[in-house]
Amino acid sequence: MKAIRIHQYGGPDVLSYEDVAIAEPKTGETRVRIEAIGLNFIDIYQRTGLYPLQTPFTLGMEGAGIVDAVGEGVTEVKVGDRVAYAMILGSYAEYAIVPATKLAILPANIDAKSAVALMLQGMTAHYLTHSTYELKKRDIALVHAAAGGVGLLLIQIAKMRGARVIGTVGTEAKAQLALQAGADEVIVYTQSDFLAEVKKLTEGKGVHVVYDSVGATTFDKSLDCLRPRGYLVLFGQSSGPVAPLDPGKLAAKGSLFLTRPTLAHYLLDRHELTQRANDLFNWKANGKLKLRIESTLALHDAAQAHRLLEGRKTTGKVVLVP
Ligand SMILES: NC(=O)c1ccc[n+]([C@@H]2O[C@H](COP(=O)([O-])OP(=O)(O)OC[C@H]3O[C@@H](n4cnc5c(N)ncnc54)[C@H](OP(=O)(O)O)[C@@H]3O)[C@@H](O)[C@H]2O)c1
């Protein structure tokens, strides 16, 4: 089969499109014939070595397709089931080996491309708003990179919970997308100071929670956007990692809470996985959640997809097809 392999860390040019043997599923595992692959920012962290992995490896943390073979003891799915998954390495390929317990079974009305637009980024938006900081009616949430893959979903789910959402984005065009997704106010943080704007929009009080996936360039001001006892949910670093922090700063700035969550710890068992996935599938089916699949590229063009994503040129979801 064809797959995108990494032999050494580096820029998009290290993505190598090559022939790889098709593996057999072991006990508890399945083999999925991949129909759609989700592009995610974590793919860039893994490509560059910011999140180090043993090389060589097949990139990709999200896929959807059809169960093609099952190993011994698999009871959760059978051959022929339509499935999707997130946070299992190796989806930039025609086939992937996935533990059966990590698969969500797709309802008939969710196609493979929608599934990969929902799984990793959607379950992230779900746990951030329901579990990490449980958004309440009239809470004010600041969402950075609001027109991105996670961002557009996070806005919509936060609005379902009754929060007021302030988004930040890099361009005017992205601001329009964030507003269409339901953001109450949007700040173009490449043109104006988001801290000053947030203070203005909240009569100097600040927000209850900041969902910050940008990291290095936003972190300090994100802390200053919070009201006393506010939550800084740092869930990514698209602009680079955040410098170490003296916990005393959290006291000085208002007894703040800081957490650095990751999706794997919010999918601890099969129940948690199916609950989050099914909420997303239902919201998509009943029109509460709109997906923006901005572009679909062939798997062999993965390097181009990476250039677009890390160059801040994408909005919503980018899908790869083998
Ligand atoms: N912890 C978790 O569980 C988890 C799970 C999924 C994703 N994430 C994180 O969530 C973030 C969003 O992921 P995504 O896949 O949906 O990507 P994305 O938001 O579609 O793309 C990243 C966006 O970050 C913004 N950005 C700001 N400064 C940047 C810079 N210097 N370089 C590149 N981008 C920059 C850009 O939007 P603007 O131009 O509008 O600034 C860009 O479009 C990532 O940080 C990712 O690691 C975390």
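The values are calculated or read from the model by the stated rules, or taken from the named source; none is laboratory data. If you're wondering where the values come from, they're calculated on a predicted model, not measured in any experiment. Don't worry about glycine lacking a Cβ; one is built from the backbone with ideal geometry, like all the others, and counts go over all protein chains shown. All accessible areas refer to the heavy atoms of the entire protein, side chains included, with ligands and DNA or RNA removed. Shrake-Rupley method; radii C 1.70, N 1.55, O 1.52, S 1.80 Å.
Scanning the stretch 262-294 for residues that are among the small types (Gly, Ala, Ser) and open to solvent by 30 Å² or more (accessible area, probe 1.4 Å) yields 264, 285, 287.
Pairs are defined by a Cβ separation below 6 Å, a sequence spacing of at least 6 or placement on different chains, a first member in the stretch 236-252 that is within 16 Å of the ligand (Cβ to nearest atom), and a second member that is of a type in the set (S, T, N, Q) and open to solvent by 50 Å² or more (accessible area, probe 1.4 Å); the pairs so defined are 239/217.
Listed by first and then second residue, the pairs with beta-carbon distance under 7 Å, at least 6 apart or on different chains, first residue in the stretch 123-140 and hydrophobic (A, V, I, L, M, F, W, C), second within 13 Å of the ligand (Cβ to nearest atom) and in a loop (DSSP other than H, G, I, E, B), are 123/267; 128/235.
Taking the stretch 17-57 as the range and being open to solvent by less than 20 Å² (accessible area, probe 1.4 Å), farther than 15 Å from residue 100 by Cβ and either in a strand (DSSP E or B) or at pLDDT below 95 (or both) as the test, the residues that pass are 34, 36, 37, 38, 57. Would you confirm whether or not the stretch 306-317 contains a residue that is touching a strand residue (DSSP E or B) at 6+ places or on another chain (Cβ under 8 Å), farther than 19 Å from residue 183 by Cα and either away from the ligand (no atom under 16 Å from the Cβ) or polar (S, T, N, Q) (or both)? Among the residues of the stretch 306-317, not one is touching a strand residue (DSSP E or B) at 6+ places or on another chain (Cβ under 8 Å), farther than 19 Å from residue 183 by Cα and either away from the ligand (no atom under 16 Å from the Cβ) or polar (S, T, N, Q) (or both), which makes the answer no.
Quick one: would you say residue 150 is open to solvent by 10 Å² or more (accessible area, probe 1.4 Å) and closer than 28 Å to residue 162 by Cα? Yes: the conditions hold for residue 150. How many of the residues in the stretch 193-241 are closer than 22 Å to residue 42 by Cβ and open to solvent by 40 Å² or more (accessible area, probe 1.4 Å)? Residues flagged as closer than 22 Å to residue 42 by Cβ and open to solvent by 40 Å² or more (accessible area, probe 1.4 Å) within the stretch 193-241 amount to 5. For the condition basic (Lys, Arg), open to solvent by 20 Å² or more (accessible area, probe 1.4 Å), outside any strand (DSSP E or B) and within 16 Å of the ligand (Cβ to nearest atom), what is the one hit in 113, 78? Being basic (Lys, Arg), open to solvent by 20 Å² or more (accessible area, probe 1.4 Å), outside any strand (DSSP E or B) and within 16 Å of the ligand (Cβ to nearest atom) holds for just one of 113, 78, which is 113. Close contacts from the stretch 301-315, counting a first residue that is open to solvent by less than 30 Å² (accessible area, probe 1.4 Å) and a second that is near the ligand (Cβ under 7 Å from one of its atoms) and among the hydroxyl-bearing types (Ser, Thr, Tyr), with Cβ to Cβ under 7 Å and a gap of 6+ residues or different chains, come to none at all.
Taken over the stretch 89-110, the criterion of being open to solvent by less than 30 Å² (accessible area, probe 1.4 Å) and not hydroxyl-bearing (Ser, Thr, Tyr) is satisfied by 90, 93, 96, 98, 100, 103, 104, 106, 110.
Among the residues making up the stretch 217-235, those that are over 14 Å from residue 150 (Cα atoms) and either within 8 Å of the ligand (Cβ to nearest atom) or modelled with pLDDT under 95 (or both) are 217, 218.
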